[in-house]
Every structure is written in C-alpha cells, then in structure tokens.
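The values are calculated or read from the model by the stated rules, or taken from the named source; none is laboratory data. Since we're looking at a predicted model, the values are computed, not measured. All Cβ positions, glycine included, derive from the backbone under ideal geometry; neighbour counts span all protein chains shown.
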Amino acid sequence: MRRIYFDYAATTPIDLEVIKTMSQYYTKTFGNPSSIHYFGRKALYGIEKSRQIISSFINAELDEIVFTSGGTESNNYALKGIIYANRNRGNHLITSAIEHHSIIEPCKYLQRQGIKVTYLKVDKYGLVDPQDVKKAITNKTVLISIMYANNEIGVIQPIKEIGRIARDKGVYFHTDAVQSFGHLPTAVDELNVDLLSASSHKLYGPKGVGMLYIRKGMRIMSFMHGGDQENGRRASTYNVPGIVGFGKAVELARDKMGDERRKLTSLRDKLIDGILNNIEQTRLNGHPFTRLPNNVNVSVGSVEGEALVLNLDMEGIACSTGSACTSSSLEPSHVLLALGLSPELAHGSLRFTLGRYTKDEEIDYTLDVLRRIVNKLRSMSPLYKGRG
Ligand SMILES: *Cc1c(COP(=O)(O)O)cnc(C)c1O
C-alpha cells in the first residue's frame, strides 16, 4: 500500500547522507573521546567538528554548546539548572500556556518544590504578547522560557522582542527551539536568548541526541554528575555517532534552508487552501502566516479527530490530532484550548506536518481522500447539521 508521511513534527527519517557520515563512528572510529590514544582522538575530532558546525550555525562560541540526549533533557536542564543555581536571586519563572510537555511538566515539578510559575495566555492565533511578559516580571523573576515555534499549531513567537525585555530587566531567557531548528534563522545574539534547546531527530538526524546552548557566564546547575565530559556540565560517555549525525543534519539543514522553506510554504498553503475551500465547517488553527513552513493544523466540525486519523491511516496517510478520546488522557490538547477553541473543535483537530520528502501529488491525493472520509463520517454523525 502507498504510504504518505505527514508527521514530521513528531519525528523525521534520517537523511541518507547523515547515515553515511555516522556509520564509521559505530565500527571504525568507535573510541571513547575521553581516551588520549588514537581511537579516542579520532572520535573526539568527530564530536568537535559537530560542535563547530552547530555553534557557527547559531553564532555561538564552541564552549557554549552542551550535547544532551534530546530536546526533553535540554529543556529540563535549562529550567531546573537555572532555577536551582539562582535560588538566591528569586523563585519565579515565566512561561506560556502552550509549551511542549517537556517544559510544562518540569514547571509543575518546580511548583511542587515551591517555585512560582506564571503561564502566560496567548491570543486566538497562539501568540504571546511581549507586553504581557513585561507585566509578569517581578523582582523575584529568575527565568523566562517561551518556545520559538509551537509543535502543534506552528505559531512563531516574537522571540527577539521578548528577549530584549528579558535583557532590560536582567532576567534569563530560554527558548525551546526544537521545532524551528533548521527551518528558521537561529542566531542566538539576534534572538537575544541566553539558553536554547534543539533536538536532532526533528531535523533528519538520529534520535536520542540534542543540545543546549548556554550563554557564557551563566550560573547553571548540572544534574548529570559523573565524569568531566562537557567541562563537567553533562557527565556520561559521548554518544559519538549521534552527535556526529546531529552535526551533519544541521549542516544539511543550513545549506537547504532557503529552498526547503520556499517549497514547504507553497505545499503547506496548497493543503490549507484545499481543505478550507473544499470541506465545509473547517477552520485553520494558529496564525495564517506567522507559522512554520511545514505546519497545517485545522479543525473539522462534527467529526472526531481520532476517527479521521484512523480512517486516513487506513488509506495510507499518517497525520495526528489534538484529540485524545482513546488515549490515556481524555482532555483535548492544552494548546488548542488555550486558543479558545471549544472542546468539540479541539477534538476535531488534524495536524499535517510536511517535510523534505513531501511531494506535490501527495497533497492532491490527501485532499481527495480527506474530503471523502469527512463526508462519510458526517453522514453517520447525528451531530452534523450541514447540507450533507
Ligand atoms: C519533540 C519536541 C521536544 C522533545 O524533544 P525530544 O528530543 O523528543 O526529547 C521538545 N520540544 C518541542 C517543541 C518538541 O517538538
């Protein structure tokens, strides 16, 4: 059966060039980078080359990059590490209501430890207002963490402006850039960020590797204690093939970014327009153009998102939903609810995320299949009051 993948925000396949670069680091160049002999030095060279590529991609210094096991670890490290190392400065953290679970859950954990957390509201497009950030800052605020681009609705936040406010007030600023990394320009000095998280498997690199950018001079507590890897900031033997693959993936993303963005934006808009113009009772979630080039999120009235996903999967199309009727949590997506969507519309949401291997004809095919499935489900639904 023909299979079409529209879930690039969940993960991406590894680019074959990345695999090629990684493979020798499993068998030939397998040394421990902390060893001083030939095998160790060769592996260390691979790590440092990756560090070079990634630090120059974000305009940072080499020793401002710490390799981690992924976006989740980077986010946990940033939040807990900064809060614990700066308890004498205050006990307040500001974030948004639409962050990824790897920010929301560490925040809830910190609240249980006595830290005060402000979850800023967003507007109907999902945007954080920088003035709201300014108003929320108190003399106890230590850290602001606002994501660069959202994983569900693709909305891109005004990071520069928020960063400028944070700097003026002397508050540290972290951004979860996992979804934007490789799609959007990410020079840390232009974004005014002090900490930035990225993950390799969201940009055609291997799973289980990521990085945290930490601006020089920051006070941050490590929570992996052991060997002195990464200058003692993150103990454990380096994931050499993973880090090398991450570097190669960033190099490819850097070289392809402009072309890829143009291609994806046009496919994205074709899919959005096709859905909104040809299927009744549909609406776009997120901002019409301040959004990631590969993100489509729509709500389809009078149908269940999970029914749509399962029916699309039977026709070979893989996408996702913010609905959660059959999974462990019954609540629809916190992101969609924060936009002010009714629970019914949140349950009828569908997310298509496009990527490097998406083809134009796959969009045409998907539009045909989706229309047919929506009609079928609505014809069986007592909720549907349209012309159907
Ligand atoms: C995927 C994702 C993460 C988590 O990254 P992992 O490497 O899978 O741990 C964090 N934040 C956002 C916005 C993501 O999309």
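Taking the listed residues Y384, Y365, the one that is over 19 Å from G154 (Cβ atoms) and not in a helix (DSSP H, G or I) is Y384, with no other qualifying. Taking the range 86-194 as the region of interest, the strands (runs of 3 or more DSSP E) fully inside it that hold 3 or more residues being within 16 Å of the ligand (Cβ to nearest atom) are 172-176.
For the range 18-49, the set of residues classified as of a type in the set (S, T, Y) and within 12 Å of G242 (Cβ to Cβ) consists of T21, Y25, Y26, listed by residue number. When each of K116, K140, K80, K108 is tested for being within 24 Å of the chain's Cα centre (by Cα), farther than 30 Å from N297 by Cα and basic (K, R), the lone residue that passes is K80.
If you check T29, T21 for being away from the ligand (no atom under 16 Å from the Cβ), surrounded by fewer than 23 Cβ atoms within 10 Å (Cβ to Cβ) and over 26 Å from the mean Cα position of the chain (by Cα), only one passes: T29.
Note on the range 32-56: residues that are polar (S, T, N, Q) and buried (at least 20 other Cβ atoms within 10 Å of the Cβ) total 1. Taking the listed residues A324, A318, the one that is hydrophobic (A, V, I, L, M, F, W, C), outside the structural domain of Q52 (by TED's automatic domain parsing) and at pLDDT below 95 is A324, with no other qualifying. Does S222 satisfy being hydroxyl-bearing (S, T, Y) and within 16 Å of the ligand (Cβ to nearest atom)? So S222 does not fit the description; no. The residue pairs whose first member lies in the range 259-284 and is at pLDDT 95 or above, whose second member is surrounded by fewer than 17 Cβ atoms within 10 Å (Cβ to Cβ) and part of a strand (DSSP E or B), and whose beta carbons are closer than 9 Å, counting only pairs six or more residues apart or on different chains, are L276/R283. Test L212 against the criterion of being buried (at least 19 other Cβ atoms within 10 Å of the Cβ) and within 16 Å of the ligand (Cβ to nearest atom), and give yes or no. Here the answer is yes, as L212 does meet what is asked. The residue that is nearest to the chain's Cα centre (by Cα), counting only those in the range 195-209 that are closer than 18 Å to A60 by Cα and more than 9 Å from the ligand (Cβ to nearest atom), is L196.
Being among the aliphatic types (A, V, I, L, M) and more than 21 Å from F39 (Cα to Cα) is a condition met by at least one residue of the range 242-249. Each residue in the range 6-18 was checked for being more than 16 Å from the ligand (Cβ to nearest atom) and touching a residue at least 12 places away in the same chain (Cβ under 8 Å), and 2 of them qualify.
Across the range 248-271, the qualifying residues are those that are touching a Gly at 6+ places or on another chain (Cβ under 8 Å) and surrounded by 22 or more Cβ atoms within 10 Å (Cβ to Cβ), and the one among them that is farthest from F181 (Cα to Cα) is K248. Of everything in the range 281-320 that's farther than 24 Å from G182 by Cα and of a type in the set (S, T, N, Q), which residue is surrounded by the most Cβ atoms within 10 Å (Cβ to Cβ)? Result: S299.
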